[in-house]
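Written out below as structure tokens is the structure these notes cover.
Read-outs throughout are calculated quantities, based only on the coordinates presented, and are distinct from any laboratory measurement. Please read all numbers here as calculations on a predicted model, not as lab measurements. A quick note on method: Cβ atoms are made from the backbone with ideal geometry, for glycine too, and the neighbour counts reach across all protein chains shown.
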Amino acid sequence: MKSSSPISQKTHKDILHALNNLIQIVAKLRSPSEGCPWDLAQTHESLIPYILEEAYEVVDAIKCEDKNAIIEELGDLLLQVVLQAQIATDNHDFTLAEIAETITAKLIRRHPHVFGEVVVNSKEEVNDNWEKIKEGEKKEPDLLSDKLKIYARSMPTLMASSKISKKSAKAGFEWDNVEGVWEKFQEELIEFQEAIETGNKQNAQEELGDLLFTIINLARWYKLDPTIALQGTNQKFIKRIRIMEKIAIKPLEEYTITELESFWQSAKKTEATPKL
């Protein structure tokens, strides 16, 4: 095995001390005799919304390049891991040690170019090896539909759609060229417009889903990440609203749509002006 980068004895001791403190605090919060009623009431399932929320807040902090926020949000995410482990320990299912041992073994197993003798020359080769090793570790469902169902059940919707699109294309369910995807987009757009015109909300909802899924397929063809794209648009929209609020002398809801449009255009110009 190749040697790993050493951690100084002092740093290693500090890390273990800090982690042990966190583990002890969470254990006390879950203590039947002196714990917190809220923490005691939690289950693996009840904490799912918090896991997702904390993960997204970590992403936002990273995008904002705010070091203190990254530290805080990663701490909140780490709390969710430790709390899940404590619930499992209380139920005599598994422990935090088992979680750490499992991921450590997986990392070593899936990095034979670091911990073994395998030679790789690019990150693409690393990814190919990772997928091959992963396939050998777990028996995936034989049917494509069962594989796709796992994504739909376990991931946020936009991310799941991207994975479903990629997996289906890899299985051969793919257009011959990107022009075919654009044609499909135009077809779905017309069908969505027609559904809106009929006033059938259920049909319109279905056609909207088809249209969005086609856009995700277009993103895949152009190697774009729709989740990152939409996150960027959200942040840009919020930034422009903030500029509009600075321009306005009264609450935005007290202006007409024409006035708001003027503020919006001013916000766009302010945003586009380079800082000296």
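Working note: Karplus 6.51/-1.76/1.60 with θ = phi - 60° gives the stretch 29-34 the couplings 4, 9, 6, x, 8, 9 Hz, where Gly and Pro are set to x.
Each eigenvalue of the Cα gyration tensor of the stretch 1-128, multiplied by 5 and square-rooted, gives one semi-axis; in descending order these are 31, 19, 17 Å. Entry note, the chain: the mean residue ellipticity at 222 nm calculated from DSSP H runs of n ≥ 4, each adding -39500 (n - 2.57), is -24500 deg cm²/dmol after division by the residues and rounding to the nearest 500. Out of the trypsin sites (Lys or Arg not before Pro) in the stretch 1-102, which ones are loop residues according to DSSP with at most 11 other C-beta atoms within 10 Å? Qualifying residues, ordered by number: Lys2. Rg and Dmax, both from the Cα atoms of the chain and both in Å, are 24.8, 70. For the set Lys167/Lys201; Lys163/Lys239; Lys163/Lys223; Lys106/Lys132; Lys63/Lys246, the pairs lying more than 19 angstrom apart at their alpha carbons are Lys167/Lys201; Lys163/Lys239; Lys63/Lys246.
Pick out, in residue order, every one of the GluC sites (Glu not before Pro) in the stretch 54-119 that is DSSP loop and has at most 16 other C-beta atoms within 10 Å; say none if there are none.
Qualifying residues, ordered by number: Glu65, Glu117.
Computed over the stretch 169-213, the percent of Cα pairs more than 16 Å apart is 44. Restricting the calculation to alpha carbons of the stretch 214-276 gives Rg and Dmax of 15.5, 46 angstrom.
One quarter of the convex hull surface, Cα atoms only: what value does that give for the stretch 13-65 in nm²?
Working: hull surface 20.7 nm².
The Cα convex hull of the stretch 13-65, projected and averaged over all directions, gives 5.2 nm².
Taking every alpha-carbon pair in the stretch 101-171 and binning the separations at 10 Å intervals from zero gives 17, 38, 34, 10 percent. Relative protection proxy for 84-92, 166-174, 246-254, from highest mean packing down: 84-92, 166-174, 246-254 (other beta-carbon atoms within 10 angstrom).
Report the relative contact order of the chain, percent, no decimals, based on alpha-carbon pairs under 8 angstrom and at least 6 residues apart.
Working: 149 pairs, mean separation 28.3, N = 276.
Value for the chain: 10 percent.
Applying a DSSP loop filter and a limit of 13 other Cβ atoms within 10 Å to the chymotrypsin sites (Phe, Trp or Tyr not before Pro) in the stretch 183-269 leaves Tyr222. Charge dipole of the chain (Cα centre as origin; +1 on each Lys and Arg Cβ, -1 on each Asp and Glu Cβ, all else neutral): 1100 debye, rounded to the nearest 20.
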